[in-house]
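To start, the structure under review is shown below, and the notes come after it.
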Amino acid sequence: MNGLVVVLLCAVGYQLFTACTSTPRNVVKQEALPEIYPDYIGVTVPAEIAPLNFNVCDEEIDLVDVVVKGSKGGELHAQGDFADFDIDDWHALTQQNKGGELTFTVCVRKDGQWMQYKDFCVSVSPYGLDEWGLTYRRIAPGYEVFSKMGLYQRDLSSFDEYLIIENTQVPGMCVNCHAAHQTDPHQFVFHVRGNHGATMFQIDGRREWLKASNDQLGGSMVYPYWHPSGKYCAFSTNQTRQGFHVVPNERIEVFDLSSDVFVYNPATHEVMTDSLISTKDWSENSPVFSPDGRTLYYMTCKQQDYPAHYKDEKYNLCKIAFDPETGKYGEQVDTIFNAVAMGKSLTWPRPSYDGKYILFTLMDYGYFSIWHEESQQWLLDLQTGEARELEEINSDKADSYHNWTTNSRWIVFTSRRDDGYYSRLYLASIDDKGRFSKPFMLPQRHPREYYEESIFSFNTPDFTKTKVDFDAYHAGLEISSDQRIETKVK
């Protein structure tokens, strides 16, 4: 009797399933590729990535049917208003086809007629992410006032997003400039602007709140980057101002009345400066360490009369030696990329963790590239000294802030290429010859709904090895308390 019940239940379940699906019949084949959103045609993805759910860009279709087949075996099917893949089935397919290809067959039903587009492929990289996810800031695209914004983290294998800290916990607060030690959040830092300003260090679960500015430095501690050893963290101290354009294609301009770079020792609360990287007539900015920890790279610009000559704010990429044993700097500064000679300005240098490259952004002037449509990503080969524009990943809409995975196989960056207004996150892989794959937008469960309805831009993205463990509630209380640790200049 029990066996008969099981058989009947299985039969009913199968009938219900088949009743909810419609097999494409009498299909009319099209010569064109499907127009999908996001555009995942021809991209390369890591096997760990969340499903590449997508919409077909035709409002008149009433059903989408997608079959995905792996070059190394396996098959996946999705049918509905959009391509919505099961996460477990997706990962089983991508893992099976690591180093291979996935072929997508897309059919749509329109006015009762099924149509099949040309197949397209997605490559599954042999190289993994070796990261749990991403951290980033989400903020409204106009920064004139601080509406709801904060730091968030996203599991890249799923669609789950988690809060790190949000300004709703302390009204009027702006959180920015977050960084982990080589993507390991056990050493984590971010800056707080506003009436309760501070620089937060969390090391192995213990938080410290530094006084936002040091009178000897002349500004706050911003744009952090950890030393490979975890012993130090480099910062710049900036007196930042912003202005507003009155022309349609330009909105906000950011410039610094002054800026210097330095290295901070969290164990001693000491700030280590040097006259070579803290000068009166030059603005030093955005320091980063080399992977071996013995070189400090940073941007430098001839100080201008702001705001009158804001278009003359143009940065080069420089370096100075650094001794991690003594905390002392070298005796000379070298320019390693002269953007000014090209009539350009360089910003956001980021060395790959394998020491081969420095990824940076090039623009006409200034360093806040998110506001410059002409900003483009470039790659400097540290072995040959040659740099090139990354035409394979750039667009004409503000390609900007970027970071590497620790295996130096993947990057994440921001771009306004989607609609020209909102910065989205894109990922791309790099091969052994230094060429990048076609970038793909960060997957979402309901992609068109998510991106069309979101009123926030993404910026300052970075990878994270594990989920950031941060007590936002008690951190909010600590921010409001105004109890701060003084730093001292060594």
Contact order relative to length for segment 28-124, counting C-alpha pairs under 8 Å separated by 6 or more residues, stands in percent at 38
The alpha-carbon center of segment 66-118 and that of segment 382-399 are separated, in whole Å, by 33
One point scatterer per Cα, no solvent, Debye formula: log10 I(q)/I(0) for segment 64-115 at q = 0.22 Å⁻¹ comes out as -0.76
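Given the alpha-carbon gyration tensor of the chain, what are the semi-axes of its equivalent ellipsoid in whole angstrom, ordered largest first, with each equal to the square root of 5 times an eigenvalue? Walk me through the numbers before you get to the answer.
Details: eigenvalues 403, 123, 95 Å².
Equivalent ellipsoid semi-axes, largest first: 45, 25, 22 Å.
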Expected sort for 223-236, 102-115, 379-392 on mean C-beta neighbours within 10 Å, highest first, is 223-236, 102-115, 379-392
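So what is the orientation-averaged projected area of segment 28-124, using the convex hull of its C-alpha atoms, in nm²? Spell out each step's value before the answer.
On the way: hull surface 22.2 nm².
For segment 28-124, the mean projected area of the Cα convex hull comes to 5.5 nm².
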A student asked for the Cα radius of gyration and Dmax of segment 331-446 in angstrom ought to give 14.2, 55
The local net charge around I203, scoring Lys/Arg +1 and Asp/Glu -1 for residues other than I203 whose Cβ lies under 13 Å from its Cβ, equals -1
With the 8 Å Cα cutoff and a minimum separation of six or more residues, segment 133-481 has a relative contact order in percent of 15
Farthest towards the positive end of the dipole of the chain, among L76, T466, L156 and with Cβ unit charges of +1 on Lys and Arg and -1 on Asp and Glu, lies the Cα of T466
Counting only residues 5 or more apart in sequence or on a different chain, those whose built amide H sits under 5 Å from that of I36 are C57
A correct Kirkwood calculation over the Cα atoms of segment 133-234 returns a hydrodynamic radius in Å of 14.5
Reduced to Cα centres, the span from segment 288-345 to segment 464-490 in Å works out to 29
Dipole check, the chain, charges on Cβ (K,R +1; D,E -1), about Cα centroid: among A92, F54, V66 the Cα furthest to the positive pole belongs to A92
In the chain the DSSP beta bridges are antiparallel at a rate, in percent to nearest 5, of 95
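Laboratory data are not the source of any read-out in this text; all were calculated from the coordinates shown. All figures in this text were calculated on a predicted structure; none of them were measured in a lab. Quick reminder, even Gly has a Cβ in these numbers, built from the backbone with ideal geometry, and neighbours come from all protein chains shown.
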